[in-house]
Amino acid sequence: RDPYAALDAYAAAWWMEPRGAEGRQGASRVLGGLGGPFGAAEVLREPPPPLPVPPELAADGAAAMVRWGASVRTSPAPEPRFEGTDAALARIDALLAGTEDAGLRRRLEQDRVVALRDRVRMTEAEALAARLAEGGELPGYVRQARADALLYLRAPERAAAEYAAVLAGDPGNSDARYGLFYAQVEAEDFGAAYATVDAILAAQPAWRGFQEDPTKYPNPDYT
């Protein structure tokens, strides 16, 4: 249960036996577990000789691309803005074309729902989420992406139900709570919307502080 010590030991084994597989495979597993799928894959590709990258690790890399595509925007202009998300979608599609494993395909398609939402391809996102929902319960992050798509597509009642389901499993999810508020407003359920936004406000302190700093600072989220 000490991944950094394990990584050090695997690296030492790799150094001692450069052509062996065990040290590299072990280092790759640890890096993947630490949330570094691209580093984990690169370790396996290091010659000599290159080792195959497990499909699950490739899927982890695609999921990371989806997250990065949403959080890193190089330009407000439409096309450059979506470069990262477009790359993630291309990667997911390539992985889907190369596997028949049902579990892996479902995992990749769930990430594809999120990427389609981020790309503002909402009709496609909702259609794929609906198909996946027929095959079993969707994880919260996919239901939230579906809720965003439904709200965009002017189906606020259905969006509110999805947001509520997300919050049932993750009450601290502020994005889902704001989404629920907007869905309730769009559905003209103003009583529920007031209750939701009042709860959001009640959870926010008016002031913030920092460790070892006695000064109070206004909380912009409260405003």
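The values are calculated or read from the model by the stated rules, or taken from the named source; none is laboratory data. All values reported here derive from a predicted model rather than from experimental measurement. Positions of Cβ are generated from backbone atoms using ideal geometry, with glycine treated the same way; all protein chains shown enter the neighbour counts. Note: areas computed on protein heavy atoms with side chains; ligands, DNA, RNA excluded. Shrake-Rupley method; radii C 1.70, N 1.55, O 1.52, S 1.80 Å.
Values as computed for the structure displayed
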{"item": "Within the chain, helix-based [θ] at 222 nm, where runs of 4 or more DSSP H residues each add -39,500 (n - 2.57), nearest 500", "result": "-22000 deg cm²/dmol"}
{"item": "DSSP-assigned coil residues among GluC sites (Glu not before Pro) in the stretch 116-223, each with at most 15 further Cβ atoms within 10 Å", "result": "E137, E188, E212"}
{"item": "Potential lengthening between W207 and E157 on full extension [0.36 nm per residue; Cα-Cα distance subtracted]", "result": "14.6 nm"}
{"item": "Accessible-area composition of the stretch 1-125, carbon plus sulfur, in percent [1.4 Å probe]", "result": "58"}
{"item": "For the chain, built as a Gaussian network whose Cα springs stay under 10 Å, the top-fluctuating residue of A159, A21, A63", "result": "A21"}
{"item": "The stretch 187-223: chymotrypsin sites (Phe, Trp or Tyr not before Pro) falling in loop per DSSP and having at most 14 other Cβ within 10 Å", "result": "Y222"}
{"item": "Cα centroid separation, the stretch 6-34 to the stretch 133-151 (Å)", "result": "38"}
{"item": "Charge tally in the Cβ shell below 10 Å around T196, where Lys, Arg are +1 and Asp, Glu are -1, T196 excluded", "result": "-1"}
{"item": "Solvent-accessible heavy-atom area per residue, rounded to whole Å², over the chain at 1.4 Å", "result": "60"}
{"item": "In the stretch 1-79, the trypsin sites (Lys or Arg not before Pro) that fall in loop regions by DSSP, at most 13 other Cβ within 10 Å", "result": "R1, R19"}
{"item": "For R208, distant residues with modelled amide H under 5 Å away", "result": "Y217, N219"}
